[in-house]
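J.: Below is the structure I would like to discuss, written out as structure tokens.
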Amino acid sequence: MSAGPAVGPLLAIVLGSLAVVAAGLARLGRLGLGRDMAVVAVRAAVQLSAVSALIAAVLRDAGYTAAFIAGMVVIAVVTAGRRITGALRAGAWTTALPIVAGVAPVLALLLASRLVPFRTVSVLPIAGIFIGGAMSATGLTGRRALDELATRRGEYEGGLALGLMPRDAAMEVCRPAAALALFPVLDQTRTVGLVTLPGAFVGVLLGGADPAQAGATQLLVLIGLLAIEVVAVLITLELVAAGVLTRAGRRPPGDRSRRRWRPRSRAAR
């Protein structure tokens, strides 16, 4: 007997009903996400259908798998960049740095140590989990950091007045809020096996491995995600503090070229 749900009309009806309920409740509660709920549900269905059709061919060849992982990185960069800046601007592409810098060393370590077999069927799902975690941490960090700089601009200006460098003043304002981006992975790691059975554990278990192997795989994923997301958070903070990542139409921290009092300084001359 298959461990997965039967693919057919009943699955479509249940999924559609759940998506409609989620979108309806978000709209009823005036969360402003009703349309997004419906769109992401449809996108997920289309994307997973396409991936299901492609995955067999991708997993048969290491080159195709590498290309697929590279495509995942590009999509993660675009998603995180838009989430932070509000548009796909030149600076948004710098989100590639925290994502790649977090994922590449951890994935390389697991492959080099042979803890993850160098097989496409093993590498692809773990790479996907790692890239997704880095994307979420990068997007949350950048968004929270820029929100703090916008709402606490006076504190940032006060830091400059006290002699802090723009980078240091920005860090003082946005570092505590950006650290909240690590809470999801911390909570997931803290409660694993007690509240949730994460996807890697269930997937390995359904694949025929014994529970000890499934637990070891999940532990590798969770501890790896901790390291990846810390790297992503720290690098994203640096990019925001340096003024590389900014919202469309807003000046970066430390940019004095467009301050309101510029005409006054000209008059003083």
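J.: Can you list residues from other chains, or at least 5 along the same chain, whose modelled amide H is less than 5 Å from the amide H of VAL192?
T.: none
J.: Taking all pairs of distinct Cα atoms, average 1/r, flip it, and tell me the Kirkwood hydrodynamic radius of region 47-186 in Å to one decimal place.
T.: The answer is 17.0 Å.
J.: Distance from the Cα centre of region 91-106 to that of region 111-181, in angstrom?
T.: About 10 Å separates the Cα centre of region 91-106 from the one of region 111-181.
J.: I want to make sure I understand the PRE zone here: with the label point 7 angstrom from the Cα of GLN47 toward its beta carbon, which residues in region 55-72 have backbone N atoms less than 11 Å away?
T.: Backbone N within reach: 72.
Quick note: the coordinates plus some simple rules give every number you see, no bench work behind them. In this text, all values refer to a predicted model and were calculated from it rather than measured experimentally. Every residue, glycine among them, receives a Cβ derived from its backbone with ideal geometry; neighbour counts consider all protein chains shown.
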